[in-house]
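Worksheet for the structure shown next.
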Amino acid sequence: MTTRPKILLLDTASLYFRAYFGVPDSVRAPDGTPVNAVRGLIEFLTRLVQDHHPDELVACMDADWRPHWRVELIPSYKAHRVAVETETGPDEEEIPDTLSPQVPIIEDVLDALGIARVGVAGYEADDIIGTLALRAAGPVDIVTGDRDLYQLVDDARGVRVLYPLKGVGMMQATDEAVLREKYGVDGPGYADLALLRGDPSDGLPGVPGIGEKTAAKLLDAFGDLAGIMAAVDDPAAKLTPSQRRRLDEARGYVAVAPKVVQVAADVPLPAFDPALPKEPRDPERLEELAARWGLGRVVNRLLVELRA
C-alpha cells in the first residue's frame, strides 16, 4: 500500500507577521538591520518540521493581497488596510516599516533552502492554499493565524488547520469537531458564518444585526446560505421579522459575498517541487545569507531538523 504524503501548507505572511510581533525588534543583523521576522519565521519552520514531520511543505505567498476581482464585488474589501493607492500600480498594504524590508530576505532564505514558495498574480495566499488542499492526495495541515481558512477543514479528506495560540509551540489542531464546538458549523459552513457576521479586519460588512451566534443558529436551522435566503421568501419559515427584513435588505451583498469570502480552488499554479528538502538547494547562497543577516544558528538548527 502506498503511503500518502503528509503536506504542510504555510500561510506565510500570517506567520511572518506573528514572528515580527513575537520576536523583539532588537534582533538585528550585523549591520543593524532588524531581522526579527526572518529569525522568527525560521524558528517557526524548525518547530513545525520537528513536531509534524511533513513529507511536503509549501510556503504560500500573497502575490496580490487585495485582488481586483474581489474589490470589484465588495469595494470595502481590505480597504482600511490600504496605505497607498495609485492609478498605475496595485494597492500597497500598510505594514510596519521595519517588516517590509525583511520580506525579500525571507524569500531569499526559503529559495536557498529549497522550500517551495508559490504565489500567483491576482491571487492571495489563501487561494493558493485552497487550490493545493483540494488537489492533495495526502493529509494536509494548513498553518495559519487566519480563521478564514477554517472553511477548508474536512475530516474526510484529512484537512486540518493548525492555528497558533502562542508561537508555534502551542497550536490548536482545528478539525470538524473543534469547529462544531466553537462555532456550531463544519468547514464549508464557516464560510457562510463569516459572510453573514462580517469581518471588520477584511472590510466585510456582513448582514447588519446578524452576529456570530445568530448566524450559527440560522445555519443550523436552514442548512446553508442558500437555505437561509430561501427561508426569507417562505412566509412559513421560522425567522423573526427583523431577521427576515435584514436578510432581505442584504440580498445584494449576499449575492456577491460568497465569491469574495470563499477561497479560490482553481488557481493556475506554476510547476514546483513540494518535497521537503533534506539539503539546501543552494548551500553557498544560504551560507552567504546566514552570515550577512546573522542567522547562522537558527539556520543550522533548521538544517538539523530537515536532515533528521
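Each residue in segment 180-197 was checked for being outside any helix (DSSP H, G or I) and surrounded by 21 or more Cβ atoms within 10 Å (Cβ to Cβ), and 1 pass.
Scanning segment 265-296 for residues that are part of a helix (DSSP H, G or I) and either outside the structural domain of VAL109 (by TED's automatic domain parsing) or not charged (D, E, K, R) (or both) yields PRO283, LEU286, LEU289, ALA290, ALA291, TRP293, GLY296. The set of residues in segment 20-41 being modelled with pLDDT of 95 or more and among the hydrophobic types (A, V, I, L, M, F, W, C) consists of VAL27, ALA29, VAL35, ALA37, VAL38, LEU41. Just one residue in the set VAL263, VAL267, VAL207 is at pLDDT 95 or above and closer than 16 Å to ASP146 by Cα; that residue is VAL263.
Looking across ILE128, ILE142, one residue alone is on the phi < 0 side of the Ramachandran plot, β-branched (Val, Ile, Thr), crowded, with 24+ Cβ neighbours inside 10 Å and in a helix (DSSP H, G or I). It is ILE128.
Only one of the numbered conditions (1) buried (at least 20 other Cβ atoms within 10 Å of the Cβ); (2) over 17 Å from the mean Cα position of the chain (by Cα) is not met by ASP220, and that is (1). The listed residues are ALA177, ALA215, ALA237, ALA231, and the only one of them that is without any contact (Cβ under 8 Å) to a residue 24 or more places away in the chain and part of a loop (DSSP other than H, G, I, E, B) turns out to be ALA237.
The values are calculated or read from the model by the stated rules, or taken from the named source; none is laboratory data. Model, not experiment: these values are computed from the prediction. Here Cβ is always computed from backbone atoms with ideal geometry, including for glycine, and neighbour counts include all displayed protein chains.
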